[in-house]
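Take a look at the structure below.
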Amino acid sequence: MRFVRISLLYCFTLLVWGVWGGHGVLAADFALPLGYPERVLGSADAPVTLYEYSSLTCPHCADFHRQTLPKLKVSHIDTGKVRLVLRDYPLDRLSMVGAMMARCAPEGHYYKIMELLFSSQQAMVSAENPLAFLKQTGRLAGMSEADLDACFANESLLVSIQQVQERARETFDVRSTPSFVIDEALYAGALSYEALSEALDRALVHKGVSR
């Protein structure tokens, strides 16, 4: 009986170490609540993951998606070295509703919708009826009126996005957008392509991958 207790304690110790200090479950994965539909851009087998916390009404987030992300796709994502995981950090009601709609869209359309919303951010925030603007974007992705209404009424999705924000604050001290997490390290603010590329290259070297 004593051997069983020791074995269980040993297994529990390994589990905790895997979550917090080892190479098992990363803190970034722990920060993901159940029921939150993860959306990944790039190869699932990429050695390095770039986590982006952003808000659809954040101008610097839009700049990242318009100017920096296309370059990262060519140099790091399309080459199979890095995968991007976008996590919602809505700063207001409009960005929350937009984030919900994008998560409800068919998985293959998620990043297309996000790019549409970021590229038309100024029109969205100044629209007389922002909800109608969002719905029009959703319809471009093949969502019906019933799909959109059901999405906006999805309380569990709303709660999961709020939990993503809360856990981002608790786990990585995310306080603003955009914020990026690479190898458990937080990079806050409007980073240039060069700065992000350098951070990703360091992470690749750490994983034993040539740049």
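Could you please give the count of residues in the stretch 155-182 that are more than 17 Å from Leu86 (Cβ to Cβ) and not basic (Lys, Arg)? Total satisfying the criteria: 7. Of everything in the stretch 141-153 that is in contact (Cβ under 8 Å) with a residue 24 or more places away in the chain, outside any helix (DSSP H, G or I) and surrounded by fewer than 20 Cβ atoms within 10 Å (Cβ to Cβ), the residue that is nearest to the chain's Cα centre (by Cα) is Ala141.
One line per residue, one yes/no per condition, for (1) touching a residue at least 40 places away in the same chain (Cβ under 8 Å); (2) out of contact with any Phe, Trp or Tyr (no Cβ under 8 Å at 6 or more places or on another chain); (3) farther than 19 Å from Gln67 by Cα; (4) surrounded by 19 or more Cβ atoms within 10 Å (Cβ to Cβ):
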residue	(1), (2), (3), (4)
Glu155	no, yes, yes, no
Gln162	no, yes, yes, no
Ala168	yes, no, yes, yes
Ser179	yes, no, no, yes
Ala188	no, no, no, no
Glu194	no, yes, no, no
Ala199	no, no, no, no
Arg202	no, yes, yes, no
His206	no, yes, yes, no
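Determine whether Ala31 is at pLDDT below 95, of a type in the set (A, V, I, L, M, F, W, C), surrounded by 15 or more Cβ atoms within 10 Å (Cβ to Cβ) and within 12 Å of the chain's Cα centre (by Cα). For Ala31, the condition - at pLDDT below 95, of a type in the set (A, V, I, L, M, F, W, C), surrounded by 15 or more Cβ atoms within 10 Å (Cβ to Cβ) and within 12 Å of the chain's Cα centre (by Cα) - is met.
Scanning the stretch 162-201 for residues that are under 28 Å from Leu94 (Cα atoms) and polar (S, T, N, Q) yields Gln162, Gln163, Gln165, Thr171, Ser176, Thr177, Ser179, Ser192. On the given criteria, is Gly208 over 22 Å from the mean Cα position of the chain (by Cα) and at positive phi? Here the answer is yes, as Gly208 does meet what is asked.
The values are calculated or read from the model by the stated rules, or taken from the named source; none is laboratory data. Note that the structure is a prediction, hence the values are computed from the model and not measured. Reconstructed Cβ throughout: ideal geometry from the backbone, glycine too, with neighbour counts over all protein chains shown.
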